[in-house]
Amino acid sequence: MKSPIDLKILTVDDDEEIRSTLSVLLECEGFQTVHAKNGRVALDYLLATSDSELPDLILLDYMMPVMSGDDFCKSIALDKRLCAIPVVMMTAGGNLVKLMDSVDKKADGYLSKPMDIYSLLSMIEYFLKPHTNYQVNSAESRIAH
């Protein structure tokens, strides 16, 4: 079983502040992080990355320039190595239901921005629990102190 420090999360968002905030939060939780400013940069990174260095989870913004989250999902669905990585799609404006109905290759999970820390960490725990001993409870107690 891996510890969080052995797990890598890729954050893809065109908003630098969101990327930076997520990276700091995730690193405080012990995760390795990488980030990309749009789907094209993220896809190029993934295609150039060896299997052993691929992220364990992708946090993906839906609306981005160059390559949207929707187009990114379609692209990784066609790749045998990449299609197994869980994708959590994030969207602003509370259009979660509309987004879930409109994305051709559905993401594995969805979060509305702005998101609360507990929802984010719970989503991460859900997808990474089979591979790690990470639990939101421990993160929640550290945040509260």
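The values are calculated or read from the model by the stated rules, or taken from the named source; none is laboratory data. All of these numbers come straight from a predicted model, not from anything done at the bench. Glycine gets a Cβ as well: all are built from the backbone with ideal geometry, and neighbour counts include every protein chain shown.
For Leu59, are the conditions met, namely being in contact with an Asp or Glu (Cβ under 9 Å, 6 or more places away or on another chain), surrounded by 17 or more Cβ atoms within 10 Å (Cβ to Cβ), among the aliphatic types (A, V, I, L, M) and modelled with pLDDT of 95 or more? The answer is yes for Leu59.
Listed here are the residues, each with its yes/no results for (1) surrounded by 14 or more Cβ atoms within 10 Å (Cβ to Cβ); (2) modelled with pLDDT under 60; (3) farther than 22 Å from Asn38 by Cβ.
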| position | (1), (2), (3) |
| --- | --- |
| Ala77 | no, no, no |
| Leu82 | yes, no, no |
| Val87 | yes, no, no |
| Leu96 | yes, yes, no |
| Leu99 | yes, yes, no |
| Ser102 | no, yes, no |
| Lys113 | yes, no, no |
| Met123 | yes, no, no |
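Scanning region 12-61 for residues that are under 18 Å from Leu82 (Cβ atoms) and of a type in the set (Gly, Ala, Ser) gives Ala36, Gly39, Ala42, Ala48, Ser50, Ser52. If you filter region 33-53 down to residues that are outside any helix (DSSP H, G or I) and over 12 Å from the mean Cα position of the chain (by Cα), you find that the one that is surrounded by the fewest Cβ atoms within 10 Å (Cβ to Cβ) is Ser50. Residues in region 4-32 that are closer than 19 Å to Ser68 by Cβ and out of contact with any Phe, Trp or Tyr (no Cβ under 8 Å at 6 or more places or on another chain) were compared, and the one that is surrounded by the fewest Cβ atoms within 10 Å (Cβ to Cβ) is Glu16. Of all the residues in region 66-75, those that are within 17 Å of Lys37 (Cα to Cα) and outside any loop (DSSP other than H, G, I, E, B) number 6.
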